[in-house]
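Let me begin by presenting the structure, written as structure tokens, before commenting on it.
The values are calculated or read from the model by the stated rules, or taken from the named source; none is laboratory data. Model, not experiment: these values are computed from the prediction. Neighbour counts run over all protein chains shown; Cβ positions are idealised from the backbone, glycine included.
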Amino acid sequence: MGGVANVWVHNLTGGRWGEVIREPLIELSRIMWILALLFLPVLIGMHDLYSWAPGASVGAQRWAEELPAENALFKNIWLTPWFFVVRSVFYLFVWALLASLSRQPGLRRSARFSAVALIVYGLTVSLAAVDWVMSLMPIWYSSVFGMLAGLSQALAGMALAAVLATRMRPLPPRLVFRDLGNLLLMYVMTWAYLAFTQFLIIWSENFPHEIAWYIPRMEHGWLYVAWLLALFHFFAPFLILLFRNAKEAPALLGSLGAELLAAHQLDVWWTIFPSLPVGWLQWLWIVPLMLVAFFVAGYVVIKTGAGITTSTAAGAGHV
């Protein structure tokens with residue numbers, strides 16, 4: 001979906017960079033319904049994942065000691081299991097519908113549809129981030145978290161697009177790679193700005209209900225993961241993408257796109273794992289399985305994308 005969001009942006013702005021990557025990204029959106037089905041285990045296991053779910057029958061009293069009465073009442077309504085399931089299904093349905101509509105001939109390049117799709121997608125991604133990730137620690141909140149989640153998806157979509165572009169035969173012109181590199185640089189800088197702004201504000205205020213989210217991420221080795229993210233999700237890509245020759249080198253840009261995809265996966269783990277009610281031994285055996293699934297899925301996606309781009313590169317590369 002992050003890739004499709006970049007296609008919508010291209011429909012509104014134009015540019016030769018989008019002509020190269022738009023078809024593979026649109027076609028890859030066909031797997032959105034599979035991802036929606038794979039969300040079922042989260043809904044089935046929500047009482048084990050979310051600390052607020054088992055005590056839902058208590059009502060607003062479960063927040064009485066931590067929140068004012070009006071806030072506790074709203075949170076009790078919002079974090080009700082059946083309402084959570086309804087919202088989750090709604091988000092997934094909307095994304096699958098947007099992905100399907102984006103493949104329709106009359107809407108593939110529609111600026112009006114793209115504008116509406118970006119607004120709808122931005123709102124639903126923000127709410128989904130609050131529901132699925134932020135509510136793992138239900139008292140914690142951040143006003144920038146939803147935007148950060150949506151931007152991370154768009155960054156991953158652009159990184160995948162850069163990888164796919166380097167696999168086209170014949171290769172697109174160097175100016176296309178420069179445009180893709182400039183867009184990656186923009187995403188990397190914006191991600192770093194939002195992530196650091198969230199940390200700076202929460203850490204400087206030092207409120208217990210806010211700082212509680214960062215405390216677990218500074219223990220049990222997660223601090224080292226944070227430094228890895230600072231290095232490979234910002235500093236290294238930022239410094240490399242400052243140079244025009246680096247952006248115009250297909251092999252280097254493709255490797256950088258793959259590295260950003262791996263860093264994005266690490267960022268997802270760093271965002272989610274410390275909030276889960278599991279210990280090191282429980283999630284250590286899950287990580288290798290997730291890595292295998294991630295790389296297998298990535299290989300299939302890239303191979304599929306390469307097959308698509310091979311047939312379109314000759315025409316798209318000269319637009």
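Quick notes on this one:
- All conditions in (1) in contact with a Gly (Cβ under 9 Å, 6 or more places away or on another chain); (2) at pLDDT below 90 hold for Met218, with the sole exception of (1).
- With respect to (1) hydrophobic (A, V, I, L, M, F, W, C); (2) in contact (Cβ under 8 Å) with a residue 12 or more places away in the chain; (3) in a helix (DSSP H, G or I), the lone exception for Trp213 is condition (3).
- For the stretch 204-224, a tally of residues being closer than 21 Å to Leu266 by Cβ and either surrounded by fewer than 17 Cβ atoms within 10 Å (Cβ to Cβ) or among the aromatic types (Phe, Trp, Tyr) (or both) returns 11.
- Remark: pairs (first residue in the stretch 29-53, in a helix (DSSP H, G or I) and surrounded by 12 or more Cβ atoms within 10 Å (Cβ to Cβ); second residue modelled with pLDDT of 85 or more and charged (D, E, K, R); Cβ separation under 7 Å; 6+ apart in sequence or on different chains) = Ser29/Arg103.
- Condition broken by Val144, with the remaining ones in (1) closer than 30 Å to His209 by Cβ; (2) touching a Phe, Trp or Tyr at 6+ places or on another chain (Cβ under 9 Å); (3) of a type in the set (A, V, I, L, M, F, W, C) satisfied: (2)
- Matching residues, the stretch 153-189, being modelled with pLDDT of 95 or more and of a type in the set (Ser, Thr, Tyr): Tyr187
Listed here are the residues, each with its yes/no results for (1) in contact (Cβ under 8 Å) with a residue 24 or more places away in the chain; (2) of a type outside the set (A, V, I, L, M).
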{"site": "Ala96", "(1), (2)": "yes, no"}
{"site": "Leu101", "(1), (2)": "no, no"}
{"site": "Ile119", "(1), (2)": "no, no"}
{"site": "Ser126", "(1), (2)": "yes, yes"}
{"site": "Asp131", "(1), (2)": "yes, yes"}
{"site": "Met137", "(1), (2)": "yes, no"}
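- Unmet requirement for Arg22, which otherwise passes all of (1) surrounded by 21 or more Cβ atoms within 10 Å (Cβ to Cβ); (2) under 30 Å from Arg108 (Cα atoms); (3) out of contact with any His (no Cβ under 8 Å at 6 or more places or on another chain): (3)
- Qualifying residue in the stretch 246-257 (condition: among the acidic types (Asp, Glu), at pLDDT 90 or above and either surrounded by 14 or more Cβ atoms within 10 Å (Cβ to Cβ) or closer than 17 Å to Ala161 by Cβ (or both)): yes
- Candidate set: the stretch 58-103, residues that are farther than 30 Å from Leu28 by Cα and of a type in the set (Val, Ile, Thr); chosen: the one surrounded by the most Cβ atoms within 10 Å (Cβ to Cβ): Thr80
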